[in-house]
1. Per DSSP helix of 4 or more residues, -39500 (n - 2.57); summed, then divided by the residues of the chain. What does that give at 222 nm, rounded to the nearest 500?
2. Which FRET efficiency, nearest 0.05, do K239 and A53 yield, Cβ-Cβ r, R0 41 Å?
3. What residues qualify as long-range amide H neighbours of L171, i.e. H under 5 Å apart, gap of 5 or more or another chain, H built at 1.01 Å from N?
4. Show me the trypsin sites (Lys or Arg not before Pro) within segment 223-284 that DSSP assigns to loop and that have at most 14 other Cβ atoms within 10 Å of their Cβ.
5. For K66, give me every one of the aspartates and glutamates with a C-alpha distance below 16 angstrom, ignoring sequence neighbours fewer than eight places off in its own chain.
6. Amide H of G6: which non-local residues (sequence gap of 5 or more, or other chain) have their own amide H closer than 5 Å, using H built in the peptide plane?
7. Which lysines, if any, have their Cα less than 26 Å from the Cα of K120, not counting same-chain residues under 8 positions apart?
8. Residue by residue through segment 203-214, what is 3J(HN,Hα) from phi via Karplus (6.51 cos²θ - 1.76 cosθ + 1.60, θ = phi - 60°)? Round to whole Hz and write x for glycine and proline.
Amino acid sequence: MTTIYGIFGWPVAHSLSPAMHNAAFHALDMDSVYVPFAVPPEQLKGALQALVALDIRGVNLTLPHKHNVLPLLDEIEPSAQLIGAVNCVSNVKGRLLGSNTDAPGLVHALLSEGIEIKNKQVTMVGAGGAARAAIVGLAEAGASTINLLARRIDQAKHLVMDLQTHIQTQLIPHDLQTVDINIIQRTELLIQASSATLHNSHEAQTLIKQLHVTSINPAAVIVDLAYGPHGTPLTRAAKAQGLAALDGMGMLLHQGVLAFERWTNERAPLDAMKAQLPGFSSAL
Ligand code: NDP
């Protein structure tokens, strides 16, 4: 019988995950299918119950469900608990187990490009859900310091208060508008985790100016968690300065690889999955 997996989101039609996972099943000749399910927020509980009723073995969660799902699961992995978000649910004999593959997905994406994390000075832009996952992932991978830049300093301070006692990496909150330019210029790894660069907007151009991309340390690597078929305004601006830059497609790929391997216990066919991501480039 065909085994079913899927993704819950609202909206969900834009998701690249069905193409990626279905290509993986095809490559491994597995009788499995991955289906996008448009689940409105008020139906999340019922949709999770349906996983058990219909023996759907696993789902990814995307906006707006990653946080709201926490009280609805039977078990949550400690790092997902710390991040406060679950993007991967496994149905193990009727028990729903939540994990977060975004954080290790980012780490795998960086390491697979030869980008080192251990003992690095990191600058992180944004203090929302993606930043939180990225901080936990980079801390587990041994980053020495993360300067956290947010347009609302209270949001950055709140994140530091929540996370600092649980991780070794030193977290330092800053106001994005008034941050000392030396911090950005000396950074070894800059992670853009705000939603400012999704489109080539005035917001994106303002952020590029605030980050002084034209005078960043030439040895730095710029990673934007947003992604698109032609990179993002930030990765394009960074590359134009000769900087190494990567968008978030690698993170998307590797969170999918980790979810696939969790659900199936099979080694994921990386190249087949990567081939479904339009414009994927290793960009360095
Ligand atoms: P959230 O809404 O949780 O957080 C967004 C953050 O960006 C907030 O801190 C927000 O501040 C800040 N922000 C928004 N606009 C600006 C701006 N113009 N200047 C400075 N800061 C700004 O979103 P997520 O954390 O979930 O997502 C952030 C990005 O990460 C998105 O581009 C998303 O696509 C990407 N992402 C990529 C993934 C991948 O697999 N590659 C996985 C998950 C996310 P404020 O609260 O003040 O608005």
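Here, each number is a calculation from the coordinates, and none is a lab measurement. Because the structure is a prediction, the values reported are computed rather than measured. Glycine also receives a Cβ, built like all others from the backbone with ideal geometry; neighbour counts cover every protein chain displayed.
1. Estimated from H runs of four or more residues: -10500 deg cm²/dmol.
2. 0.25
3. I146
4. R267
5. E42, D74, E75, E77, D102
6. V35, G58, V59, N60
7. K157, K209, K239
8. 4, 5, 5, 4, 5, 4, 5, 4, 8, 6, 4, 5
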